[in-house]
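Working notes, structure below.
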Amino acid sequence: MRVVWSLVVSAMAACGAGLPPAGTILEHYVTAIGGTAAHQRIRTIHSEVKIEFLGTGRTAARSSWRAAPNKSYSVTEIPGIGRMEEGTDGNITWSISPQRGPLIKSGEERELALRAAAWNGEIRLRELYPAITVTGIEQVDGRPCYKLLLTPPAGASLTRYFDQQSGLLVRNVMQVATPAGEVNVETNVSDYRDVDGVRTPFHITQKGAGPVMVFTIETLEYNIPVPDSRFALPSMIRQLMK
């Protein structure tokens, strides 16, 4: 597939055809991360992630579970700050943190959480983002990448950078609301590894809102038993619904 894609890119350049359509870039990406069939075989995901807050000496641990069609739950333990939980049962999206307490998400925050929980989202980008435009080619860490603007039905757009050669996603940029105002949050992904036929980035760096955070996946498991109770709404969230 890599050889074929190289020939396609070379042919377009020679003919002055310009940028390829978004669909072609996204198809290359799906192939690069294992293909549609490999992703569709997955019904549950469990991960353990180490989080480092650069320059602070602080680390955290996050445990996450997901299940088809759109359920998720994660808990993050940060020494000195406390325990943060968030999840969705496919309809209600919520979080519990020392800073905000129990919260049922609404508006753009809810839409963003539901998109993040959408099952097989990486192979369904054209469904989740109806408007996708190829805006150019930019260098990321010295490699030419296609730059795509992805616009959802509601909420902020997302800019993604896909390596021309490998087809893999290497960077996301998204405008996020913070107490200090709107900021661009940049997420860089690398160290792709094959787990059960699916390629996933095991190293993620995020900057733009607060300290730079480095996420390292330490455990990634697919299709393990996950009880429905894992995604049940916590009692504090149920109290807010009364």
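The values are calculated or read from the model by the stated rules, or taken from the named source; none is laboratory data. This one's a predicted model, so the numbers in the text were calculated from it and none came from an experiment. Every residue, glycine as well, gets a Cβ built from its backbone with ideal geometry; the counts of neighbours run over all protein chains shown.
Of G167, G155, which residue is out of contact with any Pro (no Cβ under 9 Å at 6 or more places or on another chain), without any contact (Cβ under 8 Å) to a residue 60 or more places away in the chain and either farther than 22 Å from P21 by Cβ or surrounded by 14 or more Cβ atoms within 10 Å (Cβ to Cβ) (or both)? Spell out how you get there, then give the answer.
On the way: G167 fails: without any contact (Cβ under 8 Å) to a residue 60 or more places away in the chain.
None of the others qualify; the one that does is G155.
Under 6 Å between Cβ atoms, at least 6 apart or on separate chains: pull out the pairs that start in region 231-242 with a residue that is within 15 Å of G90 (Cα to Cα) and in contact (Cβ under 8 Å) with a residue 12 or more places away in the chain and end on any residue that is of a type in the set (D, E, K, R) and surrounded by 13 or more Cβ atoms within 10 Å (Cβ to Cβ).
As it stands, the answer is F231/K71; F231/D89, since those pairs meet every condition given.
When the residues of region 215-242 are filtered to those that are over 11 Å from W65 (Cα atoms) and among the aliphatic types (A, V, I, L, M), which remaining residue is surrounded by the fewest Cβ atoms within 10 Å (Cβ to Cβ)?
Across region 215-242, the extreme among qualifying residues is M241.
Pairs please, first residue from region 31-44 and touching a residue at least 40 places away in the same chain (Cβ under 8 Å), second anywhere and of a type in the set (K, R), Cβ atoms under 7 Å, 6+ apart in sequence or on different chains.
Filtered contacts from region 31-44: A32/R199; I33/R199; G34/R199; T44/R66.
Inspect all residues belonging to region 88-95 and state whether any of them is under 20 Å from V49 (Cα atoms), out of contact with any helix residue (DSSP H, G or I) (no Cβ under 7 Å at 6 or more places or on another chain) and at pLDDT below 95. I'd like the intermediate steps shown before the answer.
Taking region 88-95 as the starting set, the residues that turn out to be under 20 Å from V49 (Cα atoms) are 88, 95.
Subset that is out of contact with any helix residue (DSSP H, G or I) (no Cβ under 7 Å at 6 or more places or on another chain): 95.
When the remaining residues are screened for being at pLDDT below 95, the result is none.
For region 88-95, residues under 20 Å from V49 (Cα atoms), out of contact with any helix residue (DSSP H, G or I) (no Cβ under 7 Å at 6 or more places or on another chain) and at pLDDT below 95: absent.
Before we move on, is S74 small (G, A, S), in a strand (DSSP E or B) and either modelled with pLDDT of 90 or more or under 24 Å from L168 (Cβ atoms) (or both)? First the steps, then the outcome.
Values: small (G, A, S): yes; in a strand (DSSP E or B): yes; either modelled with pLDDT of 90 or more or under 24 Å from L168 (Cβ atoms) (or both): yes.
It is true that S74 is small (G, A, S), in a strand (DSSP E or B) and either modelled with pLDDT of 90 or more or under 24 Å from L168 (Cβ atoms) (or both).
Mind listing just one residue for me: the one in region 113-123 that is of a type in the set (A, V, I, L, M) and out of contact with any strand residue (DSSP E or B) (no Cβ under 9 Å at 6 or more places or on another chain) and, of those, surrounded by the most Cβ atoms within 10 Å (Cβ to Cβ)? Break it down into steps so the answer makes sense when it comes.
Kept after step one, since they are of a type in the set (A, V, I, L, M), are these residues of region 113-123: 113-114, 116-118, 123.
Going one step further and asking which of them are out of contact with any strand residue (DSSP E or B) (no Cβ under 9 Å at 6 or more places or on another chain), we end up with 118, 123.
On the way: A118: 17, I123: 20.
Looking at the filtered set, the residue picked out is I123.
Keeping to region 94-108, report how many residues are closer than 16 Å to A154 by Cα and surrounded by 15 or more Cβ atoms within 10 Å (Cβ to Cβ). Break it down stepwise before answering.
First, the residues of region 94-108 that are closer than 16 Å to A154 by Cα: 105-108.
Filter once more, keeping what is surrounded by 15 or more Cβ atoms within 10 Å (Cβ to Cβ): 105.
Of the residues in that region, 1 qualify.
Tally up the residues in region 151-210 that are over 19 Å from A116 (Cβ atoms), of a type in the set (S, T, N, Q) and assigned to a loop (DSSP other than H, G, I, E, B), please.
3
Looking at (1) without any contact (Cβ under 8 Å) to a residue 60 or more places away in the chain; (2) hydrophobic (A, V, I, L, M, F, W, C); (3) touching a Pro at 6+ places or on another chain (Cβ under 9 Å), which is the one condition that is false for I217?
(1)
Inspect region 163-170 for any residue being touching a Cys at 6+ places or on another chain (Cβ under 7 Å) and of a type outside the set (D, E, K, R) and give the result as yes or no.
Filtering region 163-170 down to residues touching a Cys at 6+ places or on another chain (Cβ under 7 Å) leaves 163-164, 170.
Cutting the leftovers down to of a type outside the set (D, E, K, R) gives us 164, 170.
Yes - at least one qualifying residue is present in region 163-170.
So which residues in region 211-242 are among the acidic types (D, E) and more than 26 Å from K105 (Cβ to Cβ), if there are any at all? Step through it out loud before you land on a result.
Residues of region 211-242 that are among the acidic types (D, E), as a first pass: 218, 221, 228.
Answer for region 211-242, where residues must be among the acidic types (D, E) and more than 26 Å from K105 (Cβ to Cβ): E218, E221.
Quick check on region 169-201: of everything there that is under 12 Å from the mean Cα position of the chain (by Cα) and hydrophobic (A, V, I, L, M, F, W, C), which residue is modelled with the lowest pLDDT?
Among those residues, the one meeting the criterion is M174.
Looking at region 77-94, which of the residues that are in a strand (DSSP E or B) and out of contact with any strand residue (DSSP E or B) (no Cβ under 7 Å at 6 or more places or on another chain) is farthest from E122 (Cα to Cα)?
First pass over region 77-94, keeping only residues in a strand (DSSP E or B): 77-78, 82-88, 93-94.
If we keep only those that are out of contact with any strand residue (DSSP E or B) (no Cβ under 7 Å at 6 or more places or on another chain) as well, we get 82, 93.
Details: G82: 31, T93: 20 Å.
Among residues in region 77-94 that are in a strand (DSSP E or B) and out of contact with any strand residue (DSSP E or B) (no Cβ under 7 Å at 6 or more places or on another chain), the one farthest from E122 (Cα to Cα) is G82.
Collect the residues in region 37-58 that are of a type in the set (V, I, T), surrounded by 14 or more Cβ atoms within 10 Å (Cβ to Cβ) and either assigned to a strand (DSSP E or B) or out of contact with any Asp or Glu (no Cβ under 9 Å at 6 or more places or on another chain) (or both), keeping them in residue-number order. Quick ask: steps written out before the conclusion?
Step one: of region 37-58, the residues of a type in the set (V, I, T) are 42, 44-45, 49, 51, 56.
Narrowing the set further to residues that are surrounded by 14 or more Cβ atoms within 10 Å (Cβ to Cβ) leaves 42, 44-45, 49, 51.
Across region 37-58, the qualifying residues are T44, I45, V49, I51.
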